[in-house]
Amino acid sequence: MLKKFLAGVALAGGLVGGAMASDSPYLTGREQLLMLADDNPAELTLWRGEELFHEVRGPKNVSLERCDFGLGPGVLKGAYVRMPRWFEDAGKVMDLESRIIHCMKTLQGFTDEDDPVARKHSSDTREADLVAIYTYVASQSNGMKWNPPMNHPMERLTRNAGEVLFHRRAGSMDFACATCHSTPRKRIRLSFLPVASNVEEWSKAVSWPAYRIGHGVVRTSQHRVRGCYYQMRQAGIQFGSDASIAIISYWTHQAQGGVATLPDLKR
Amino acid sequence: MNKQNNIVGHTLIAIGMALVSVTLMAGCAQPRPDTQAERDFSRLSPEAYAEYLIFRSGSFNLAQETQEGGTAADRMAQDVLQRMCSEARNRPQPEMAVRIVGAARDSIVYPEGGIQLGDWRQGAELARSGTGFRIGHNVDDHSRPVGGNCYACHQLDPDELGFGNLGPSLAAYGALRGDSEAVRRFVYDMIYNPHSYFPCTQMPRFGVSQFLNQESISHIMAYLLDPQSPVNVRHSR
């Protein structure tokens, strides 16, 4: 049923594409998804995330309100579109998901074994706290332009290594990310592929968190990176690893100047 | 060429070892969190840092066993073709293109007794299926047949709606071209190693990587070329 619905959307996108404002079949398909859905179910996740963010939790009995996402403790507006970035206190370039975990550990005293840190992704039966908090913090950048800082040398090296990784072919299928995200107007099966050099398409493509209709839950950037390496038949990438942050740094920088949709709705 | 690659490889390994030992020493003196700040990456090129990220930063689960019998680290290591095409951003200069085509031709192993067509019904399944060789968080079980996922990139049976277009349409492929020795050989070469005609193509090397075995290739070829196959039947009538 859901598959049929998605197929219908993809085909309709192909047929009426010319009549829509954008001539990008990827973006036209997205617009139709948004029109067909009454609400974005990610709103529920966002509200839960807001509560969790302000709730006094963990061994140290504090909220996340003093967490610094790069613009100063507690500043959420526009913080996400300016990540990944260098954090002096951690001595690392971090993306939003790693930064939330950092604050859960340092401010709230959670450990790697505690469920709020250990559970990285949601399932049908259980939504991860991390995903909810991520959705709330990200939503505070909705409608803003992606603009990750490139001042610190590690920010630049991380982005540049991400570019190398993006083009690096390896594995049983000889794939690189570039194999599927370089040629305009192409599809894998029924899915139109966003092109990394097209800011309009790419700023939408990297708009995570998104409620994924096919999964029935909200997904994150880290989840997308894992899925892409999985489909490429390459090694399993570790959550929050430096390589995953390099990919996210490059993909965010490619979206620079394009508008972020947070949270988004995806297939 | 080979020698040069070896030198580059060794330099990278040397840099990597230097990095590792710096970290180890820092770790002995004073247990501290593993941060980027305490290592000096500033002299690394993006390429060298990317190699470090893949092989020595703990970013990938490299120890995981793969279906073909090695580890995930082997999957991440590039062979010559993968490296050349990545560096050339898949647009090789003419001289390199000629070299790639030559090496690709040499890589092709033909079945004993010539290229035979198998059973198009099994070929249809294999052309649809995207199962095979995935590792990471959900390892593909190879007691099920490994598919070529041709529909991800190609139209084949014109009645099938779920097809991609990264590659050209292959609908009515046999009906339009026939089933001569030359056609069979071209299709076989394309499946085995498509760089023999299209250097740095997006299409995988299904034979070289042993993603598909000889039997599967023969079934998929029947799906493309057999006049009874749904790929061709509508056009032939």
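The values are calculated or read from the model by the stated rules, or taken from the named source; none is laboratory data. Worth saying up front: this structure is predicted, and the values here are computed from it rather than measured. Cβ coordinates were reconstructed from backbone atoms using ideal geometry, including for glycine residues, and neighbour counts include every protein chain displayed. For the accessible areas, the whole protein counts, side chains as well, though only heavy atoms, and no ligand, DNA or RNA atoms are used. Shrake-Rupley method; radii C 1.70, N 1.55, O 1.52, S 1.80 Å.
Points to keep in mind about this one:
- Other protein chain C-beta atoms within 10 Å of residue C-beta, averaged over B:88-100: 1.
- Peptide packing: for A:223-229, A:42-48, the average count of neighbouring Cβ atoms within 10 Å per residue gives the ranking A:223-229, A:42-48, highest mean first.
- The order of A:Phe53, B:Phe163 by accessible area, most exposed first and with a 1.4 Å probe, is B:Phe163, A:Phe53.
- Sites A:Glu65 and A:Ser197, calculated FRET efficiency, Cβ-Cβ separation with R0 41 Å, nearest 0.05: 0.55
- What the phi angles of segment A:73-79 give under the Karplus curve with 6.51, -1.76 and 1.60, with θ = phi - 60°, is a coupling list of x, x, 7, 9, 4, x, 5 Hz, glycine and proline written as x.
- GluC sites (Glu not before Pro) lying in DSSP loop within segment B:110-172, provided at most 10 other Cβ fall within 10 Å: B:Glu112
- Local net charge near B:Gln210, Cβ-Cβ under 15 Å (Lys/Arg +1, Asp/Glu -1): -3
- Residues whose amide H falls under 5 Å from that of A:Lys266, counting only those 5 or more places apart or on a different chain, are A:Tyr211, A:Arg212, A:Ile213, with hydrogens built in the peptide plane.
- Residues in segment A:171-197 that, when all protein chains are in place, have 50 Å² or more less accessible area than the chain alone would give (probe 1.4 Å): A:Ser172, A:Met173, A:Asp174, A:Thr179, A:Lys186, A:Arg187, A:Arg189
- If the Kirkwood radius is taken over C-alpha pairs of segment B:85-237, then at 20 °C and 1.002 mPa s the Stokes-Einstein diffusion coefficient equals 133 µm²/s.
- Where only DSSP H runs of four or more residues are counted, chain A gives -13000 deg cm²/dmol as its mean residue ellipticity at 222 nm, each run worth -39500 (n - 2.57).
- Amide H to amide H distances under 5 Å link B:Phe60 with A:Gln238, where only residues 5 or more positions off or on other chains count and H is placed in the peptide plane.
- Accessible surface buried once B binds A (1.4 Å probe; total of both sides; Å²): 4600 Å²
- Threshold 10 Å², segment A:235-257 residues less accessible with all protein chains present than alone (1.4 Å probe): A:Ala235, A:Gly236, A:Ile237, A:Gln238, A:Ser241, A:Asp242, A:Ala243
- Counting only protein heavy atoms and a 1.4 Å probe, segment B:85-237 has 50 square angstrom of accessible area per residue.
- Whole-Hz couplings from phi, Karplus 6.51/-1.76/1.60, listed for segment B:143-150; x for Gly and Pro: 6, 8, x, 8, x, x, 6, 4
- To put it simply, the accessible area of segment A:172-261 at a 1.4 Å probe is 52 percent carbon and sulfur.
- Using the Cβ of A:Cys177 as centre and a radius below 12 Å, the other residues enclosed give a net charge of +2, where K and R count +1 and D and E count -1.
- Size descriptor for the protein assembly as shown, Kirkwood hydrodynamic radius: 24.5 Å (Cα pairs only, one decimal).
- Database remark: amide H of A:Asp68 closer than 5 angstrom to the amide H of A:Gly74 (H placed geometrically; neighbours at sequence offset of 5 or more, or on other chains; Pro and chain starts carry no H).
- Cysteines without a disulfide-compatible partner [chain A; Cβ-Cβ under 4.7 Å]: A:Cys177, A:Cys180, A:Cys228
- Overall, the accessible surface of segment A:42-139 at a probe of 1.4 angstrom is composed of carbon and sulfur to the extent of 51 percent.
- Compactness of segment B:77-132 as Cα Rg over 2.2 N^0.38 Å, two decimals: 1.61
- Rounded to the nearest Hz, the phi-derived 3J(HN,Hα) couplings of segment B:48-63 under the Karplus curve 6.51 cos²θ - 1.76 cosθ + 1.60 (θ = phi - 60°) are 5, 5, 4, 4, 4, 4, 6, 9, 9, 9, x, 6, 10, 7, 6, 7, where x marks glycine and proline.
- Counting only heavy atoms of the protein chains and using a 1.4 Å probe, A:Asp124 has close to 140 Å² of accessible surface.
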